[in-house]
Each structure stands twice: as structure tokens, then as C-alpha cells.
Amino acid sequence: MKGLTVVHWSRHQTSVFSRLRAGAVVFGLAWALGVTFAACVLMFAWVVLSTGPVYNFSIYVIAGSLFGAVIGGAVCGREARSMGLLHGFLVGLIYGLLLAVLFFTGSAESFSAADLLTRALMLGVTGSIGGLLGVNSHIRKRLPARDRPYNFDK
């Protein structure tokens, strides 16, 4: 567990909202929705290519949405490079609220608001785990040539 950063505070930094990177949240949200869309395409291909008369995809839908929240949080945390728990939680919460709105408007069943809010909060917590993983990932983006200490690309 050496080298794992959960929370790092500094006196010289300003408020939390000034350090919040909205672009990273949008990028992570795009990844979360993309992963979920890919899972839905795979399930659609399974239905089209198989001969089964009945399909039960509820477990796969839940797994796909959780996986989307983790990947979105990880990408957001990696892009933000700080405050991975908060960035990942925001990605997961917004993603969960978008899915809740889709379930609420597109389903014939009646969902309670408490159930949909619970699902959104669960995805927020899952996204914060992904944000924590993203901040602590050792795979960093390569710096542009002008920002490198020594430029060997000549």
C-alpha cells in the first residue's frame, strides 16, 4: 500500500471548487457513457446472433453500468491528476442521474424516486473508486516536447 494517495491537503491551495476540473468531469462522463453504449451494443449483438427465445440481461446491465462508472471515474481522475475521489464521485453521480432520467422516462414500470436516487448514489460511490484508481495510476500522459526537462526528440 506504499505510494497510494487517498487524500492530500496543502495550506497553499485555495478552495475545492477552484481545483475542480470541469473538462475532466465531462471527459470521464463521455467515457462512462461510451462504455455503457458498448455494453448495450454487445448485448444487442448477442440477441441478434443467438437463437434463444428468452433473454435476461438485468445482471449484465447492472455490471455494464458499474463498469462504466468505474472507467469514467478512472479516466476523470487521471485527467484531473488531483482530488480523484471528488472528480470520480461527480462523474458517477451525473452518470447515475442521467441513467435514472432515462429509466424514469423510458420505462413502463414505475420507479420510486428513492430507488433511482439510491442507484445514482451507488454509481457515484463506484465512480469515486474509479477516480481514486485513476489518480493513483502510474501511467501518465506524455508531456509535450516544450514541457519536458530534456528534449531528446530532435
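Taken together, the criteria exclude Ala114 from residues that are without any contact (Cβ under 8 Å) to a residue 24 or more places away in the chain and either surrounded by 19 or more Cβ atoms within 10 Å (Cβ to Cβ) or touching a Lys or Arg at 6+ places or on another chain (Cβ under 8 Å) (or both). Checked against (1) open to solvent by 10 Å² or more (accessible area, probe 1.4 Å); (2) within 14 Å of Gly130 (Cα to Cα); (3) not in a loop (DSSP other than H, G, I, E, B), Tyr60 passes all but a single condition, namely (2).
Looking for something surrounded by 10 or more Cβ atoms within 10 Å (Cβ to Cβ), of a type in the set (Gly, Ala, Ser) and under 14 Å from Ala24 (Cα atoms) - is there at least one such residue anywhere in region 88-100? Spell out how you get there, then give the answer.
Applying the first criterion (surrounded by 10 or more Cβ atoms within 10 Å (Cβ to Cβ)) to region 88-100 yields 88-100.
If we keep only those that are of a type in the set (Gly, Ala, Ser) too, we end up with 88, 92, 96, 100.
Next, only the ones that are under 14 Å from Ala24 (Cα atoms) stay: 88, 92.
Checked against the condition, which is being surrounded by 10 or more Cβ atoms within 10 Å (Cβ to Cβ), of a type in the set (Gly, Ala, Ser) and under 14 Å from Ala24 (Cα atoms), region 88-100 yields at least one hit.
If you check Val75 against the conditions, is it more than 27 Å from Leu117 (Cα to Cα), among the β-branched types (Val, Ile, Thr) and either surrounded by 12 or more Cβ atoms within 10 Å (Cβ to Cβ) or at pLDDT 80 or above (or both)?
On the way: more than 27 Å from Leu117 (Cα to Cα): no; among the β-branched types (Val, Ile, Thr): yes; either surrounded by 12 or more Cβ atoms within 10 Å (Cβ to Cβ) or at pLDDT 80 or above (or both): yes.
No: the conditions fail for Val75.
Annotation note: Cβ proximity below 9 Å between a residue of region 52-66 that is in contact (Cβ under 8 Å) with a residue 24 or more places away in the chain and within 22 Å of Gly92 (Cβ to Cβ) and a residue that is open to solvent by 80 Å² or more (accessible area, probe 1.4 Å) and in a helix (DSSP H, G or I) (sequence gap 6+ or interchain) occurs for Gly64/Leu42; Ser65/Arg119; Leu66/Met122.
The values are calculated or read from the model by the stated rules, or taken from the named source; none is laboratory data. Bear in mind the structure is a predicted one, so any value in this text is a computation, not a measurement. FYI the Cβ positions are ideal-geometry reconstructions off the backbone, even for glycines, and counts take in every protein chain you see. For accessibility, only protein heavy atoms count, side chains too; no ligands or nucleic acids. Shrake-Rupley method; radii C 1.70, N 1.55, O 1.52, S 1.80 Å.
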